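Asker: One structure follows; several queries about it will come next.
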Amino acid sequence: MTGQTHSPIIEVAGRGLAPIIQLIGIYVFFHGHYGPGGGFQGGVLLAAGVLLLRMTVGAENSQAHVAAKRTLTNCAIGAVIFVGTGIVAILGGGYFLDYAHLPVQWLEPAYMRYYGILFVELGITLGVMTGLITIYDDILEVDYA
Amino acid sequence: MAQSSGSEQVQTGFFKKYKAVILQALLLMALWLVLSGHFDLEHIIYGALSVLLVVWLNYRISFVPMSNGEQVVGSNVIVHRMILYLFWLLWQIVKSGTFVAYLTLHPKMPINPMIVRFRSKLPNPLAKVILGNSITLTPGTLTVDIKDDFFTVHALIKDMEEELVSGDMEARVGRLYLNKCTPEEMCTDISILESSLEIRKSVSRRDRK
Amino acid sequence: MENFFVMIAAILALVLLIPFYRVYDGPTVFDRLLGSAAVGAKTITLVLLFGVIYDRVDMFVDIALGYAILNFVGAIAMAKYFKSTRRK
Amino acid sequence: MEAIANIFTVIFVLLGAAFMLVGSIGVNRFPDFFSRAHASGKVDTLGIMLFIVGLMFYNGINLTSLKLGLIAVFVGMTSPVAAHALARRALIHGVKHWKRNEKEG
């Protein structure tokens, strides 16, 4: 039983279910205001969708989906978005992550809070998702950098 | 490995693949609307952007061949037959659940497990996957492995194995893709594995009859 | 109706304990994995029941969906993991 | 109308819970791994589906019921795949299947 590849059931199920899982992850991220969810949970579900493809299609083949060499950069970008929003709020005259003081003139403070939270959650989602994928790739010792 | 031939297929069948992507995007959008429950413009725009992102990410991997070298095809399903098939499958789930529950609660537990191996002639990998999942969901049988054309199936009792061997379900799956498909020509090379990994007796279908 | 759901939740919580015997006693590793997967499948319904009892089904549906997803991905990951140990 | 929906709810939820109980018993009672996979993969799936149908009757026709149905569909799609993945790995690993030792050989 050498050279055993995956059975087609698992592979096709992975290909078919991964988009659904990723969409549910994005939904959880967007609807953090109304229900349970938010950046961290959405990021975990997104990472689950990507890792499902990594596991079923194979680490090499699923590089076309999310490349391993980009994940660490994206993780850093997510962290920069999170911290950067807070620092911009400080520069605008408020406290750290004080969304009402973001220097965006054409928005009401209430809307600014809404979009500020969404923006920070985007950073968290990106960071958590790509961080988890980076951990998986690192454990597997996939190095396509 | 099969990269060059794959790209040629992409060029010739481009419209078909495009259609599949649009279908996927519509299904995902419906999923988003069901999940979201906010029908104002802002949330629908978010949904459209998310669906575009997801479809774009998964479009790139749909060109990668499967690990056994075959291309991923399967958008040529006959749709109304597929819907009927799904209802039939739902009924099979109910039947198989009650059947295994009956076996569990029977005091003497009349099971006689065996591993059956057979070869199927279904046209493409997706049909094989549908057949595998259907076998798992029908009473008393569980798909254990699919390798190339060979299915390895664990059957709980002997009657179920006979039903499996008759090729009836394969013809049902085959009719999702082909217009005519008879049970007699689908299933060949049946053998019953007595232990997990070795073949004791190999009986062809004709001899069994 | 409320009492009925509370009763069902209590029964399910007891049913949830039965597969733990398989997790504890399984002769092979796969029996243990199967037991844990069975526990996960029942947890989905328990989460939904909590939603009904607290009258927040719309919220708990999302949690149950996420739990189902993670249960599935976990089962696939466990199957994948045993491939890797076999090869070494 | 309310009463009829409640009666259906009670019937389906009790059926679902009963199937899940039988599935749990089956996971413990069957003699080997593969038959246990039958119990876990089929009886539990049917139990969850019936249970969710019962909750849909309780909830009435709205978007949350649709989401509940989505969970049922998701479980129905994933549970055979998960059972297949575990059983396949067990077969490759060399787990022997139990058979009734009687006159047939």
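Asker: Among D:Leu91, D:Leu63, which is the only one that is surrounded by fewer than 24 Cβ atoms within 10 Å (Cβ to Cβ), more than 25 Å from C:Ile63 (Cβ to Cβ) and more than 16 Å from the chain's Cα centre (by Cα)?
Answerer: The match here is D:Leu91.
Asker: Checking the condition within 30 Å of D:Gly76 (Cα to Cα), within 19 Å of the chain's Cα centre (by Cα) and within 11 Å of another protein chain (Cβ to nearest Cβ), which residue from A:Pro19, A:Pro8 passes?
Answerer: Exactly one residue qualifies, and that residue is A:Pro19.
Asker: Follow-up question, since we're still on this one. Restricting to region D:10-24, what's the tally of residues that are surrounded by fewer than 18 Cβ atoms within 10 Å (Cβ to Cβ) and within 16 Å of the chain's Cα centre (by Cα)?
Answerer: 3
Asker: Which residues, counting only those in region B:49-68, are within 7 Å of chain A (Cβ to nearest Cβ) and within 10 Å of A:Asn61 (Cβ to Cβ)?
Answerer: Passing the criteria: B:Ile61, B:Val64, B:Met66, B:Ser67.
Asker: Does at least one position in region D:1-8 carry a residue that is surrounded by fewer than 20 Cβ atoms within 10 Å (Cβ to Cβ) and at the interface with chain B (Cβ under 9 Å from one of its Cβ atoms)?
Answerer: no
Asker: Confirm whether C:Ala37 is of a type in the set (A, V, I, L, M) and closer than 24 Å to D:Ile7 by Cβ.
Answerer: no
Asker: Give all pairs with beta carbons closer than 8 Å in which a residue from region A:124-140 that is hydrophobic (A, V, I, L, M, F, W, C) meets a residue that is not in a helix (DSSP H, G or I); count only pairs at least 6 apart in sequence or on separate chains.
Answerer: A:Ile124/A:Gly38; A:Ile133/A:Val66; A:Leu140/A:Ala59
Asker: How about region D:12-21: which of its residues are in contact with an Asp or Glu (Cβ under 9 Å, 6 or more places away or on another chain) and among the aliphatic types (A, V, I, L, M)?
Answerer: Within region D:12-21, D:Met20 is the sole residue that qualifies.
Asker: Here's something else I'd like to know. Looking at this structure, is C:Ala75 under 15 Å from the mean Cα position of the chain (by Cα), touching a residue at least 40 places away in the same chain (Cβ under 8 Å) and in a helix (DSSP H, G or I)?
Answerer: yes
Asker: Next question, about the same structure. Among the residues of region C:22-48, which ones are assigned to a helix (DSSP H, G or I), within 8 Å of another protein chain (Cβ to nearest Cβ) and more than 13 Å from the chain's Cα centre (by Cα)?
Answerer: C:Arg22, C:Phe30, C:Asp31
Asker: Take the residues in region C:27-51 that are among the aliphatic types (A, V, I, L, M) and closer than 22 Å to D:Val81 by Cα, then tell me which one is surrounded by the fewest Cβ atoms within 10 Å (Cβ to Cβ).
Answerer: Within region C:27-51, the match that is surrounded by the fewest Cβ atoms within 10 Å (Cβ to Cβ) is C:Val29.
Asker: Ok, one more. Only one of these is farther than 21 Å from C:Val29 by Cα and more than 9 Å from chain B (Cβ to nearest Cβ): D:Leu66, D:Leu46, D:Leu86, D:Leu21. Name it.
Answerer: Exactly one of D:Leu66, D:Leu46, D:Leu86, D:Leu21 is farther than 21 Å from C:Val29 by Cα and more than 9 Å from chain B (Cβ to nearest Cβ), namely D:Leu21.
Asker: Consider region C:52-73. How many of its residues are at the interface with chain D (Cβ under 9 Å from one of its Cβ atoms) and either of a type in the set (S, T, N, Q) or surrounded by fewer than 21 Cβ atoms within 10 Å (Cβ to Cβ) (or both)?
Answerer: 2
Let's see how each residue does on (1) modelled with pLDDT of 75 or more; (2) assigned by TED's automatic domain parsing to the domain that holds B:Val94; (3) out of contact with any helix residue (DSSP H, G or I) (no Cβ under 9 Å at 6 or more places or on another chain):
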{"site": "B:Ala155", "(1), (2), (3)": "yes, yes, no"}
{"site": "B:Cys187", "(1), (2), (3)": "no, yes, no"}
{"site": "B:Leu193", "(1), (2), (3)": "no, yes, yes"}
{"site": "B:Lys201", "(1), (2), (3)": "no, yes, yes"}
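Asker: I would also like to ask the following. So if I check each of A:Thr73, A:Thr130, which one is polar (S, T, N, Q) and in contact with a Cys (Cβ under 9 Å, 6 or more places away or on another chain)?
Answerer: Result: A:Thr130 is the single residue among A:Thr73, A:Thr130 that is polar (S, T, N, Q) and in contact with a Cys (Cβ under 9 Å, 6 or more places away or on another chain).
Asker: Just need a number here: residues in region D:26-75 that are over 25 Å from C:Leu34 (Cβ atoms), small (Gly, Ala, Ser) and free of Cβ contacts under 8 Å to residues at least 40 places away in the same chain.
Answerer: 2
Asker: Then there is this: Filter region B:96-116 down to residues that are facing chain D (nearest Cβ under 7 Å) and assigned to a helix (DSSP H, G or I) and give me whichever is surrounded by the fewest Cβ atoms within 10 Å (Cβ to Cβ).
Answerer: B:Leu105
Asker: Take B:Asp145 and decide whether it is without any contact (Cβ under 8 Å) to a residue 40 or more places away in the chain, more than 20 Å from D:Ala37 (Cβ to Cβ) and touching a strand residue (DSSP E or B) at 6+ places or on another chain (Cβ under 8 Å).
Answerer: no
The values are calculated or read from the model by the stated rules, or taken from the named source; none is laboratory data. All values reported here derive from a predicted model rather than from experimental measurement. Because the Cβ atoms are built from the backbone with ideal geometry, glycine has one as well, and the counts that use them run over all protein chains shown.
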